[in-house]
Amino acid sequence: MKKIGWRSRLAICCGKLTSTWIRRLHRGNGGTLPGYVARRIDPGILTVLSGMVGEGILVVMGTNGKTTTNRILCEALRAEGKKVLINETGANMLNGVISAFVLAVEKGGILKADYACIEVDENASVEILPKLGPDCVVLTNISRDQLDRFGEVDLTYETIKSAVQSVPGACLAVNGDDAFLGFLLAECENPRVVYGIEEEVFDVAARSEVLENAFCRFCGARLHYDLVHYGQLGLYRCPGCGFARPRPDYRAEDIAREEEGYSFTVEGRTVGIRTVSPYHVYNTLAAYGALRSVGISGERFAKALGSLDFGNNREGTFTIGRARVQLHLAKNPMGFQQKLSMIRSDSKPKDLLLFINDRAQDGRDISWLWDVDFQYLKEAGSVQIFTGGARRYDMGLRLKYEGIESQAVADIREALRRLTNKGTGNVYVVVNYSGLYPANHILEELMEEEKGGGHFEADHRSSVS
Amino acid sequence: MKLTIGHLYPDLLNLYGDQGNIKCLMRRLQWRGIEAEVKPFLSGESLDFADLDVVLLGGGSDREQELVCRQLGEIRRDFGSYVEDGGVVLAVCGGYQILGDYYRTAEKEIPGLGILPAYTKWEPRRLVGNIILDSPLSLAPVVGFENHGGRTYIGEGAPFGRVLFGYGNTRTSGYEGLRYKNVIGTYLHGPLLPKNPEICDYLLERALERKFGGVWKLRRLPDRLERQANACMVERYCDRGYVWRERVGRYLPF
């Protein structure tokens, strides 16, 4: 074990103190500030701590599926008996990543971790990756997300490209079905493993969305698709210059929808996942490929997933009275389209609350709502649709253009109370990022309230914004 | 009675919900019993401006924009005479830049179509945020979202609106967009038309006048949600406290 310098020790100490105080003062869960403090004291802290990880560092990047893929990696490694360090949901910028490392340091300045599984925001990747020196970088997909932060999708692509080129030794575990990532592979020298799906698993509502990357980056010709999964994901080739989807090393085959979720086989191993969203097949496959690339045999992989909850606290189910409420996060067009497809596939009548905010972490620009094809919501059998959040009128206006009636509500607690008291008893709540925490909180309170006979008022907690 | 809306190169220029503008033009005609047809022209397809009453040119990434410029070179003369003849055009962001004389990036100069008396220079600081305009085309303030690295200089041309909040063409000029004949060039996404129905109706009225003659004033529609969505943004940026909080929030490190 390497000894670390006094400066790093001081940084770790102050970082930990910050975390303690944040928790004590009930100012959130302290996901990023400790990292900021530690970095101000020792700018090299991340390099020092990442050097102490025993066996390997895995990084997950991409527009959608980062958190889930990272959690699968973590679970699978733990099932192998490894000690794993993981960063908290959403804390994927530089400060968040540093926090995760700092808080994992034990007494005496020792970091006991065999593996680190770190999800990294695309924008922060150029800064973070060289400091981490990962063994494997998982790339899930690239689609439009928070254009006010990222500029345009091409800029996201360039950012990711320069990030992975800065760590030429890291093995890339790449979704070969994503044309963007196909280009990336062609432009990078890194070692690589490719995963992909060659069967049709996504329905028309999932597919329907603006095609992100219809043209070949190398010759400008329109890409030809033999099969489209969704967005720009599918089996593509360029008729102009011969560029084509790379052959996957790991292929999900015999994908089947089952009672409880999906099952598929990879390398002859059957894997079952307990989720109704088919895109989690991609996330699972991504994790499998990444683990294989760092020399894990994958024998315990299927077993490790058996108990995994794919919700990541982002998606939860609440029972309030006789109503079942499902909370879902959708923060970009691709994600939202997938949720609509899922809602449509539920044949029971349902009520809907769409909660749209435009805080900095959501993306200030909500134009993307118009890139989502809401016509499928008309066929979804929704009885009442409420819109909430700072941009509830924009959401309502978007629905108006599909001929869907909705009602804007200022107070979502009241709206949820109404929906759960009288309604279909099958409620879907779709929120974007900043709405997640308050929505979760309100639903938990309503659940308590209902249990306590409707008299329980949790005033002391309602100040959380 | 029917209007035809031409959506130029949606496969190349499809950033930021341009579909919303198309849907708005179409529905607001249909809600008044006027037929509307949308014709998307993918890159490489031939198009005849004689068939079109409204043309929408959206925004794209720089790479895609260059591909478009190459394509548009072929129809430049037709496009130019369509505009000179009073043809209605809404050009948003990238489309606005393309219609100007040129777009100078850090490395090179991309020639534009030279239809609008404007030119654009790229600067490293992107101008991003909600924007509110006072436009002579609309009684209600015009609200939208801007996100551009280019600074567009319009010289003596008539701007689309005066900036009440936000950056506009160059950040310092105090004006946004450009109106030339029946063309509106603007940086406003959001998308522009659904939340600013008066602008949509203005474009439609000019297109109807050009096609059917006479003076057109379209029947008013009960735009309740439209007004709420618009007013909600205006009120927000009238609140100094909010503006201050948003500004400060931008500079916090966490």
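Output the number of residues of segment A:261-279 satisfying the condition of being more than 15 Å from residue A:299 (Cα to Cα) and touching a Gly at 6+ places or on another chain (Cβ under 8 Å).
Of the residues in segment A:261-279, 8 are more than 15 Å from residue A:299 (Cα to Cα) and touching a Gly at 6+ places or on another chain (Cβ under 8 Å).
For segment A:334-348, does any single residue satisfy the condition of being away from every other protein chain (no Cβ under 13 Å), small (Gly, Ala, Ser) and within 17 Å of the chain's Cα centre (by Cα)?
yes
Please enumerate the residues belonging to segment B:1-39 that are outside any loop (DSSP other than H, G, I, E, B) and either under 20 Å from residue B:213 (Cβ atoms) or of a type in the set (Phe, Trp, Tyr) (or both).
Correct list: B:2, B:3, B:4, B:5, B:29, B:35, B:36.
Scan segment B:188-198 and give yes if some residue there is more than 19 Å from residue B:133 (Cβ to Cβ) and small (Gly, Ala, Ser), otherwise no.
For segment B:188-198, residues more than 19 Å from residue B:133 (Cβ to Cβ) and small (Gly, Ala, Ser): absent.
Listed here are the residues, each with its yes/no results for (1) touching a Gly at 6+ places or on another chain (Cβ under 7 Å); (2) of a type outside the set (Lys, Arg); (3) more than 30 Å from residue A:277 (Cβ to Cβ).
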| position | (1), (2), (3) |
| --- | --- |
| A:33 | no, yes, yes |
| A:37 | yes, yes, yes |
| A:45 | no, yes, yes |
| A:55 | no, yes, yes |
| A:64 | yes, yes, no |
| A:67 | no, yes, no |
| A:93 | no, yes, no |
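Give me the residue from segment B:1-56 that is within 9 Å of chain A (Cβ to nearest Cβ) and among the polar types (S, T, N, Q) and, out of that set, surrounded by the most Cβ atoms within 10 Å (Cβ to Cβ).
B:21
Residue by residue through segment A:383-395, note down the ones that are more than 26 Å from the chain's Cα centre (by Cα), closer than 24 Å to residue A:347 by Cα and surrounded by 18 or more Cβ atoms within 10 Å (Cβ to Cβ).
A:384
Pick out the one residue from A:362, A:394 that is more than 9 Å from chain B (Cβ to nearest Cβ) and touching a Lys or Arg at 6+ places or on another chain (Cβ under 9 Å).
One residue alone meets the criteria, A:362.
Taking the criterion of being within 12 Å of chain B (Cβ to nearest Cβ), under 27 Å from the mean Cα position of the chain (by Cα) and either surrounded by 19 or more Cβ atoms within 10 Å (Cβ to Cβ) or not in a helix (DSSP H, G or I) (or both), would at least one residue in segment A:399-414 satisfy it?
Looking through segment A:399-414, at least one residue is within 12 Å of chain B (Cβ to nearest Cβ), under 27 Å from the mean Cα position of the chain (by Cα) and either surrounded by 19 or more Cβ atoms within 10 Å (Cβ to Cβ) or not in a helix (DSSP H, G or I) (or both).
Look through segment B:57-68, keep the residues that are assigned to a helix (DSSP H, G or I) and in contact with a helix residue (DSSP H, G or I) (Cβ under 6 Å, 6 or more places away or on another chain), and return whichever of them is surrounded by the fewest Cβ atoms within 10 Å (Cβ to Cβ).
Only one residue fits best here, namely B:63.
Where in segment B:70-130 are there strands (runs of 3 or more DSSP E), lying fully within it, with 2 or more residues that are crowded, with 23+ Cβ neighbours inside 10 Å?
The strands (runs of 3 or more DSSP E) meeting that bar are B:88-92.
Cβ-Cβ under 6 Å, sequence separation 6+ or interchain: first residue in segment A:337-355 and more than 11 Å from residue A:430 (Cα to Cα), partner in a helix (DSSP H, G or I) and open to solvent by 10 Å² or more (accessible area, probe 1.4 Å). Which pairs?
Note: pairs meeting the criteria are A:338/A:279; A:344/A:376.
So, residue A:301, is that one touching a residue at least 24 places away in the same chain (Cβ under 8 Å) and either on the phi > 0 side of the Ramachandran plot or surrounded by 17 or more Cβ atoms within 10 Å (Cβ to Cβ) (or both) or not?
When the stated conditions are applied, residue A:301 passes them.
Among the listed residues A:157, A:115, identify the single one that is touching a residue at least 12 places away in the same chain (Cβ under 8 Å), farther than 29 Å from residue A:215 by Cα and either touching a Ser or Thr at 6+ places or on another chain (Cβ under 9 Å) or not acidic (Asp, Glu) (or both).
Selected residue: A:115, the only one of A:157, A:115 that is touching a residue at least 12 places away in the same chain (Cβ under 8 Å), farther than 29 Å from residue A:215 by Cα and either touching a Ser or Thr at 6+ places or on another chain (Cβ under 9 Å) or not acidic (Asp, Glu) (or both).
Condition first: exposed (fewer than 15 other Cβ atoms within 10 Å of the Cβ) and at the interface with chain A (Cβ under 9 Å from one of its Cβ atoms). Can you find one or more residues in segment B:243-250 that meet it?
Scanning segment B:243-250, I find at least one residue that is exposed (fewer than 15 other Cβ atoms within 10 Å of the Cβ) and at the interface with chain A (Cβ under 9 Å from one of its Cβ atoms), so the answer is yes.
Yes/no per residue for (1) open to solvent by 10 Å² or more (accessible area, probe 1.4 Å); (2) of a type in the set (A, V, I, L, M); (3) part of a strand (DSSP E or B):
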site	(1), (2), (3)
A:220	yes, no, no
A:240	yes, no, no
A:263	yes, no, yes
A:271	no, yes, yes
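Going by what's in this entry, would residue A:353 be described as open to solvent by less than 50 Å² (accessible area, probe 1.4 Å) and more than 9 Å from chain B (Cβ to nearest Cβ)?
yes
The values are calculated or read from the model by the stated rules, or taken from the named source; none is laboratory data. Bear in mind the structure is a predicted one, so any value in this text is a computation, not a measurement. Glycine also receives a Cβ, built like all others from the backbone with ideal geometry; neighbour counts cover every protein chain displayed. Protein only, heavy atoms only, side chains kept; ligands, DNA and RNA dropped before computing areas. Shrake-Rupley method; radii C 1.70, N 1.55, O 1.52, S 1.80 Å.
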